[in-house]
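S.K.: This is the structure I have questions about; it appears just below.
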Amino acid sequence: TKQAMEGNTKFEDALRQRLDLLRPSKADIESCLQKHPLQKSPGVTDFIASLQKSGKDVFLVSGGFRIMIEGLANDLHISKKNIYANTILFDKEGMYTGFDDSEFTSADMGKPKAVKYLETTFGYDTIVMIGDGATDAQAKPPAKAFIGYGGVVERSAVKEKADWFVTDFDSLTHVVDKFAVNNKKK
């Protein structure tokens with residue numbers, strides 16, 4: 001995973017390797033999430049709320065796992081239909097059987113494919129990708145801009161490719177609150 005985030009290996013290879021090594025059951029993942037809930041970066045809740053208040057659609061495009069991201073999306077008031085992430089497949093007993101390799105984000109260059117899908121499906125003129133990994137930076141183009149986030153880990157590959165690099169969400173919230181045009185259809 002670290003190699004893929006830094007841009008040193010194909011994402012699909014890293015994904016397959018980590019899942020084949022772990023072979024997580026559904027119960028394992030649910031137990032892990034209960035014991036170690038996902039932590040949100042400071043300020044991200046306010047940032048997402050500002051985007052939504054200004055009429056912007058928010059999507060989570062992640063190389064992570066849908067089963068883990070859905071709770072975070074719920075906390076951020078992001079619809080499950082706005083999640084583009086990897087789906088771990090389980091049998092009827094909840095044992096790992098693989099992953100859905102038809103998901104955009106299951107392969108290298110999957111994030112640009114997801115962004116292009118959003119652009120064409122919803123007719124967006126401008127999409128801005130925000131992320132902390134090299135696979136996020138790959139989404140520009142088709143995204144019009146890439147904002148690198150280094151609030152947890154600063155990666156040189158992300159910093160170099162970013163149109164704007166931030167280490168907190170407060171500066172992004174300020175820009176949205178000050179300059180965003182509400183384009184919500186009435």
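The values are calculated or read from the model by the stated rules, or taken from the named source; none is laboratory data. Here the structure is a predicted model, which means the values were calculated and not measured. Counting neighbours? That spans all protein chains shown, and the Cβs are built from the backbone with ideal geometry, glycine included. Calculation scope for accessible area: heavy atoms of the full protein, side chains included, ligands and nucleic acids excluded. Shrake-Rupley method; radii C 1.70, N 1.55, O 1.52, S 1.80 Å.
S.K.: Sum up the charges of everything whose Cβ sits under 13 Å from the Cβ of Asp170, counting Lys and Arg as +1 and Asp and Glu as -1, but leave Asp170 out.
M.R.: Result for the neighbourhood of Asp170: -2.
S.K.: Amide H to amide H, which residues 5 or more places from Trp164 or on other chains are under 5 Å from it, using H placed in the peptide plane?
M.R.: Amide H neighbours of Trp164, under 5 Å, 5+ apart: Phe146, Gly148.
S.K.: For Ala85, what charge total do you get from the other residues with a beta carbon under 11 Å from its beta carbon, if Lys and Arg give +1 and Asp and Glu give -1?
M.R.: Here the charged neighbours net out to 0.
S.K.: Counting only DSSP beta bridges with both residues in the chain, what percent are antiparallel, rounded to the nearest 5?
M.R.: 25 percent
S.K.: I would also like to ask the following. Give a residue-ordered list of calculated ³J(HN,Hα) values for segment 148-161 (Karplus: 6.51 cos²θ - 1.76 cosθ + 1.60, θ = phi - 60°; whole Hz; x for Gly, Pro).
M.R.: x, 10, x, x, 9, 9, 8, 10, 4, 4, 6, 4, 5, 8
S.K.: Under unit Cβ charges (Lys, Arg +1; Asp, Glu -1), what dipole magnitude, rounded to 20 debye, does the chain have relative to its Cα centre?
M.R.: Approximately 480 debye in magnitude.
S.K.: Collect residues whose amide H, placed 1.01 Å from N in the peptide plane, falls under 5 Å from the amide H of Gly64; neighbours closer than 5 in sequence don't count.
M.R.: Counting only residues 5 or more places away or on other chains, the set is Asn86.
S.K.: Which whole-Hz couplings ³J(HN,Hα) result when phi for each residue of segment 85-101 is put into the Karplus expression 6.51 cos²θ - 1.76 cosθ + 1.60, θ = phi - 60°, listed in order with x for Gly and Pro?
M.R.: Computed from phi, the couplings for segment 85-101 are 8, 7, 10, 7, 9, 10, 7, 5, 8, x, 8, 4, 10, x, 9, 7, 7 Hz.
S.K.: Could you pull the Cα extents of the chain along its three principal axes, largest to smallest, in whole Å?
M.R.: Computed over the chain, the largest-to-smallest principal extents equal 49, 34, 32 Å.
S.K.: Tell me, what is the Rg over Rh of segment 39-102, with Rh the Kirkwood radius over Cα pairs?
M.R.: 1.07
S.K.: Right, here's the next one. Roughly how many Å² is the accessible area per residue of segment 32-130, as a whole number, for a 1.4 Å probe?
M.R.: Result: 56 Å² of accessible area for each residue.
S.K.: Right, here's the next one. Give the carbon-plus-sulfur fraction of the accessible surface of the chain in %, rounded to a whole number; probe 1.4 Å, heavy atoms of protein chains only.
M.R.: It is 52 percent, rounded to a whole number.
S.K.: Here's something else I'd like to know. Work out Dmax and Rg for segment 13-71 from the C-alpha atoms and quote the Rg first, both in angstrom.
M.R.: Gyration radius and largest Cα-Cα distance of segment 13-71: 14.9, 43 Å.
S.K.: Taking 28 Å as the cut-off for C-alpha to C-alpha distance, list the pairs among Lys40/Lys159; Lys53/Lys80; Lys116/Lys161; Lys40/Lys92 that go past it.
M.R.: Beyond 28 Å between Cα atoms: Lys40/Lys92.
S.K.: Can I ask one more? How large is the helix-only mean residue ellipticity at 222 nm for the chain, computed as the sum of -39500 (n - 2.57) over DSSP H runs with n ≥ 4, divided by its residue count, in deg cm²/dmol to the nearest 500?
M.R.: Value at 222 nm, helices only: -12000 deg cm²/dmol.
S.K.: May I ask you to evaluate 6.51 cos²θ - 1.76 cosθ + 1.60, the Karplus curve with θ = phi - 60°, for each residue of segment 25-39 and list the ³J(HN,Hα) values in order in whole Hz, giving x for glycine and proline?
M.R.: 7, 4, 5, 4, 5, 4, 5, 4, 5, 6, 6, 9, x, 4, 9
S.K.: Give me the accessible area of Met109, 1.4 Å probe, in Å² rounded to the nearest 10.
M.R.: Probe radius 1.4 Å; accessible area of Met109 about 80 Å².
S.K.: Any idea what log10 I(q)/I(0) is at q = 0.20 Å⁻¹ for segment 90-173, Debye with uniform C-alpha scatterers and no solvent?
M.R.: Treating every Cα as an identical point scatterer, log10 I(q)/I(0) equals -0.89.
S.K.: Note down the net charge around Ile48, summing +1 for each Lys or Arg and -1 for each Asp or Glu among other residues with Cβ under 12 Å from its Cβ.
M.R.: Its environment carries a net charge of 0.
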